[in-house]
Amino acid sequence: MKKIILTVAAVFALTFANAQDKKESTGEGFSNGDLYLTGTAGFDSSKTGDAKSSGFTLSPGVGYFIADNIAIEGMLNISSGTENDGTGGDDIKTTGFGIAAGVKYFWTPASKFSLSVGANISYMSTKYDDGTFDATGKEIGFNIPLGLNYFVSNDFALTSTWGGFGYSSNDNGGNGADKTTGFNLGVDLSSISFGLLYKL
């Protein structure tokens, strides 16, 4: 048993040492074989007359560089919110959970600052509940977002994504409901989101 524990400890020590050597040699920016954690968070609130809505989203993810300029990413999407149409009815509570996976190309990955373009597919399940009925909508999407990252230290970077191309299809809870499909295309900053990135 002691031999097993010592062997595991030795493996962890060597792995940590190699990781530290790699960090010292690469510094800011990315290189082939880098692993990173990323995430975004958002909150929105709107009101029109008596109608109002609010909600938040949380999207943690992980990425791995399979080449000098190309990384693959996986992400979870968690959301929660409330809606009220202002007609005196109960609030509709929404809770959602989804996954996304894709690939991202960085123009200058080894630099402190880099622009990127990605492509990902996503699946999201959202439950709507007003206390008397509930329904679950399922949505699939395909997106090509633009992005950038800026390293503020060797390990931490600020990130943002915006615009690009997007397609989505939502069954609106099924049970005979009409599907909603949508396309969007743009490179403006009307849908920008910010996040953090930590390079392991």
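The values are calculated or read from the model by the stated rules, or taken from the named source; none is laboratory data. Since the model is a prediction, treat every value here as computed from it, not as a measurement. Note that each Cβ is placed from the backbone with ideal geometry, even for glycine, and that neighbours are counted across all protein chains shown.
Condition (residue is within 16 Å of Ser59 (Cα to Cα) and part of a strand (DSSP E or B)) applied to the range 166-182: is it met by at least one residue? The answer is no; no qualifying residue exists.
Per the conditions (1) over 20 Å from the mean Cα position of the chain (by Cα); (2) in a strand (DSSP E or B); (3) surrounded by fewer than 16 Cβ atoms within 10 Å (Cβ to Cβ), the sole criterion not satisfied by Leu37 is (1). Of all the numbered requirements in (1) part of a strand (DSSP E or B); (2) in contact with a Lys or Arg (Cβ under 9 Å, 6 or more places away or on another chain), Gly86 misses one, and that requirement is (1). Test Asp44 against the criterion of being among the charged types (D, E, K, R) and either modelled with pLDDT of 50 or more or on the phi > 0 side of the Ramachandran plot (or both), and give yes or no. It is true that Asp44 is among the charged types (D, E, K, R) and either modelled with pLDDT of 50 or more or on the phi > 0 side of the Ramachandran plot (or both). Is it fair to say Ala71 is of a type in the set (A, V, I, L, M), in a strand (DSSP E or B) and modelled with pLDDT of 95 or more? So Ala71 passes the test.
When the range 106-137 is filtered for residues that are buried (at least 16 other Cβ atoms within 10 Å of the Cβ) and closer than 30 Å to Ile70 by Cβ, the ones remaining, listed by number, are Phe106, Pro109, Ser114, Ser116, Gly118, Asn120, Ser122, Met124.
Scan the range 107-114 and tell me whether some residue there is of a type in the set (Val, Ile, Thr), touching a Gly at 6+ places or on another chain (Cβ under 9 Å) and not in a loop (DSSP other than H, G, I, E, B). No: the range 107-114 contains no residue that is of a type in the set (Val, Ile, Thr), touching a Gly at 6+ places or on another chain (Cβ under 9 Å) and not in a loop (DSSP other than H, G, I, E, B).
Total residues in the range 40-75 satisfying the condition of being in contact (Cβ under 8 Å) with a residue 40 or more places away in the chain and either surrounded by fewer than 17 Cβ atoms within 10 Å (Cβ to Cβ) or over 20 Å from Thr126 (Cα atoms) (or both): the figure is 8. In this structure, Tyr64 qualifies as modelled with pLDDT of 90 or more, among the aromatic types (Phe, Trp, Tyr) and within 27 Å of Tyr150 (Cβ to Cβ).
How many of the residues making up the range 76-96 are without any contact (Cβ under 8 Å) to a residue 40 or more places away in the chain and within 13 Å of the chain's Cα centre (by Cα)?
Start the filter on the range 76-96 by keeping residues that are without any contact (Cβ under 8 Å) to a residue 40 or more places away in the chain, which leaves 76, 78, 80-88, 91-96.
Cutting the leftovers down to within 13 Å of the chain's Cα centre (by Cα) gives us 76, 78.
So the count comes out to 2.
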